[in-house]
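Pasting a structure below so you can have a look.
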Amino acid sequence: MTETTGNAGIAGATAPGGGKREYDVVVIGAGFAGLVAARELAHAGRSVLVLEARDRVGGRTWTDRRMGHDLELGGTWVHWVQPHTWAEMTRYGREIVRSPKAEEAYWLGAGGAPRTGDLDAFMAVIDEGQQLLVDDVREVMPRGVAPLDGGIAGLDGLSIQDRFDALGLDEEARAANESVWVGHVNAPLDQVGISSAYRWVAATGGHWQLMHEASATYRVVGGMSAWTAAIAADVPAEIRLGTTVTAVTQDASGCVVETADGERIRAARVVSTLPINAISGIRFTPELPEVWRRAAAETVASQGTKVWIKVRGEIPRFFAYGTQQHPISVLKSEYPGVDDDGTPHTILVGFGPDHTRIDVEDLAQVQAAVDAVRPGLEVVEVTAHDWMKDPLSGNTWMTHRPGQLTRDLSELQEPAGRVHFATTDNANLWGGFIDGAIESALREARRIAAAG
């Protein structure tokens with residue numbers, strides 16, 4: 001069933017000869033990119049229709065009540081060094097809260113030997129390696145807003161694993177340093193381009209410590225879903241939920257957008273906000289540019305999992321790192337709580353580099369994965385959303401394979417006739433983050449408004 005949300009102040013017009021609806025712009029997807037693009041275009045005087053296949057707005061951000069807590073099943077952390085994100089948070093009165101600071105640290109050293117300590121002890125182990133990995137970032141990518149400038153083209157064929165292999169770190173430092181980056185890129189390191197590391201550090205002025213803070217420290221008070229709902233309420237256009245787009249056809253006068261329930265909607269222009277890994281779910285005529293078809297066939301690198309785990313008892317705040325061979329390579333405590341019967345519990349969040357390595361519905365598998373990185377905890381409940389299996393996403397957050405950034409980014413930002421592409425996958429500054437989704441939305445809305 002199709003649902004409608006938002007302020008349906010612009011209803012469109014009736015096309016001659018068939019009762020088809022006509023709009024200036026149809027936006028496909030109601031995540032951050034779709035909502036911001038629709039808002040900007042509607043405020044610029046365009047008639048806009050947003051079509052969203054899910055039964056909610058937010059895309060790959062989703063706050064849901066599970067295990068007695070409001071959990072972020074998708075994107076979670078934000079920071080004031082992300083300019084587009086911070087502007088939107090200011091606009092809608094969003095506040096931030098810090099994730100719990102760890103009292104204990106667990107990691108694996110040389111030969112997989114378990115190590116324990118505190119945050120300072122762990123930072124002492126990784127400090128040199130983290131700096132060496134991106135030590136030349138100011139030459140390779142001097143400006144985060146221009147990721148193709150500098151010397152990145154000569155290095156883009158390398159993976160993060162290639163770079164670590166060349167650093168000559170001792171086994172103790174290497175194990176810890178690799179584990180940190182597996183958590184960041186949500187994929188095996190040999191499948192992720194070094195460009196992903198460079199661009200995130202370049203976005204924080206070359207400071208890897210700030211990059212770590214920006215990507216995994218501050219949550220949005222009230223949750224992501226409340227924030228996207230506030231944006232949706234500010235969109236003076238119709239937002240149809242539960243409406244799957246199946247085809248987009250361009251002709252001499254514009255575009256025809258077809259939905260799964262057989263509706264045909266005319267628009268002068270279309271904005272697709274689908275990720276690279278999901279865009280092949282729509283049939284485009286003429287077909288998508290070769291750069292999109294090639295990227296979709298290759299897929300981007302991220303292929304991991306995010307899982308929320310409830311364990312018995314209130315435990316000291318901690319973070320734990322495994323290796324890229326572990327089903328869960330990053331584990332950290334997020335929320336203490338109490339069950340209805342008064343039993344204390346702690347909610348953990350975990351990340352793994354390959355969603356096929358663990359069945360998050362199998363409690364025994366999750367228990368074994370937790371035991372491998374943080375022994376001594378009793379898992380009592382697990383919940384997750386598999387974004388890799390979700391046909392509307394096909395990945396968690398975007399990370400490039402070796403060579404993809406410099407080969408594809410400029411072309412991915414270009415419209416294909418009257419079809420525009422607004423997605424964090426083709427952003428300049430914080431590609432893969434909410435900030436990138438907003439940046440791309442503003443870019444395409446500006447283009448369309450300027451085109452008249």
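In segment 249-273, what residues are among the hydrophobic types (A, V, I, L, M, F, W, C), more than 25 Å from the chain's Cα centre (by Cα) and crowded, with 18+ Cβ neighbours inside 10 Å?
255, 256, 257, 265, 267, 268
Tally the residues that are surrounded by fewer than 21 Cβ atoms within 10 Å (Cβ to Cβ) and closer than 30 Å to residue 174 by Cβ, restricting the search to segment 276-310.
2
Right, next: Among the residues of segment 356-415, what is the count of those that are of a type in the set (A, V, I, L, M) and closer than 29 Å to residue 296 by Cα?
So the answer is 9.
Starting from segment 38-53, take each residue that is in the same structural domain as residue 22 (by TED's automatic domain parsing) and touching a residue at least 60 places away in the same chain (Cβ under 8 Å) and list its partners that are surrounded by fewer than 21 Cβ atoms within 10 Å (Cβ to Cβ) and of a type in the set (Gly, Ala, Ser), counting only C-beta distances under 6 angstrom and pairs at least six apart or across chains.
So the pair list comes out as 44/449; 47/12.
Within the group 39, 56, 66, 46, which residue is modelled with pLDDT of 95 or more and within 21 Å of residue 427 (Cβ to Cβ)?
Residue meeting the stated conditions: 39.
Which count do you get for residues in segment 107-151 that are in contact with a Leu (Cβ under 9 Å, 6 or more places away or on another chain), without any contact (Cβ under 8 Å) to a residue 40 or more places away in the chain and of a type in the set (A, V, I, L, M)?
Here the count works out to 1.
Check residue 385 against each of (1) under 22 Å from residue 220 (Cα atoms); (2) of a type outside the set (S, T, N, Q); (3) in the same structural domain as residue 277 (by TED's automatic domain parsing) and name the one condition it does not meet.
(3)
Right, next: Counting only residues that are surrounded by fewer than 18 Cβ atoms within 10 Å (Cβ to Cβ), give me the strands (runs of 3 or more DSSP E) lying completely in segment 315-415 with at least 3 of them. So that I can check it myself, show each step before the final result.
On the way: elements: 318-321, 330-338, 344-352, 379-384.
Counting at least 3 such residues, we get 330-338, 379-384.
If residue 239 satisfies every condition in (1) in a strand (DSSP E or B); (2) farther than 28 Å from residue 71 by Cα but one, which is the exception?
Looking at each condition in turn, residue 239 falls short on (2).
Also, I was wondering about something else. What residue, of 179, 225, 196, 215, is of a type in the set (Ser, Thr, Tyr), under 30 Å from residue 289 (Cα atoms) and outside any loop (DSSP other than H, G, I, E, B)?
196
Okay, next question. Here is a list: 204, 243, 228. Which entry is crowded, with 19+ Cβ neighbours inside 10 Å, closer than 21 Å to residue 89 by Cβ, assigned by TED's automatic domain parsing to the domain that holds residue 426 and hydroxyl-bearing (Ser, Thr, Tyr)? Explain how you work it out, then say what you get.
Details: 204 fails: assigned by TED's automatic domain parsing to the domain that holds residue 426; 243 fails: closer than 21 Å to residue 89 by Cβ.
Of 204, 243, 228, the one residue that is crowded, with 19+ Cβ neighbours inside 10 Å, closer than 21 Å to residue 89 by Cβ, assigned by TED's automatic domain parsing to the domain that holds residue 426 and hydroxyl-bearing (Ser, Thr, Tyr) is 228.
Next up: Where residues in segment 80-110 are out of contact with any helix residue (DSSP H, G or I) (no Cβ under 7 Å at 6 or more places or on another chain) and among the small types (Gly, Ala, Ser), which of them is nearest to residue 210 (Cα to Cα)?
By that ranking, first place goes to 99.
Test residue 223 against the criterion of being out of contact with any Phe, Trp or Tyr (no Cβ under 7 Å at 6 or more places or on another chain) and farther than 24 Å from residue 406 by Cα, and give yes or no.
yes
Can you tell me which condition residue 139 does not meet? The list is (1) surrounded by fewer than 17 Cβ atoms within 10 Å (Cβ to Cβ); (2) not assigned by TED's automatic domain parsing to the domain that holds residue 207, and all the others hold.
All conditions are met except number (2).
This table checks each residue for (1) assigned to a helix (DSSP H, G or I); (2) among the hydrophobic types (A, V, I, L, M, F, W, C); (3) closer than 20 Å to residue 206 by Cα; (4) at pLDDT below 95.
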position: 124; (1), (2), (3), (4): yes, yes, yes, no
position: 143; (1), (2), (3), (4): no, no, yes, no
position: 153; (1), (2), (3), (4): yes, yes, yes, no
position: 157; (1), (2), (3), (4): no, no, no, no
position: 165; (1), (2), (3), (4): yes, no, no, no
position: 169; (1), (2), (3), (4): no, yes, no, no
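Taking segment 416-435, which residues are part of a helix (DSSP H, G or I) and in contact with a helix residue (DSSP H, G or I) (Cβ under 6 Å, 6 or more places away or on another chain)? Walk me through how you get there before you give the answer.
As a first pass, look at segment 416-435 and keep what is part of a helix (DSSP H, G or I): 424-426, 434-435.
Within segment 416-435, 424, 426, 434, 435 qualify.
The values are calculated or read from the model by the stated rules, or taken from the named source; none is laboratory data. Not measured: the values here are computed from a predicted model. Here Cβ is always computed from backbone atoms with ideal geometry, including for glycine, and neighbour counts include all displayed protein chains.
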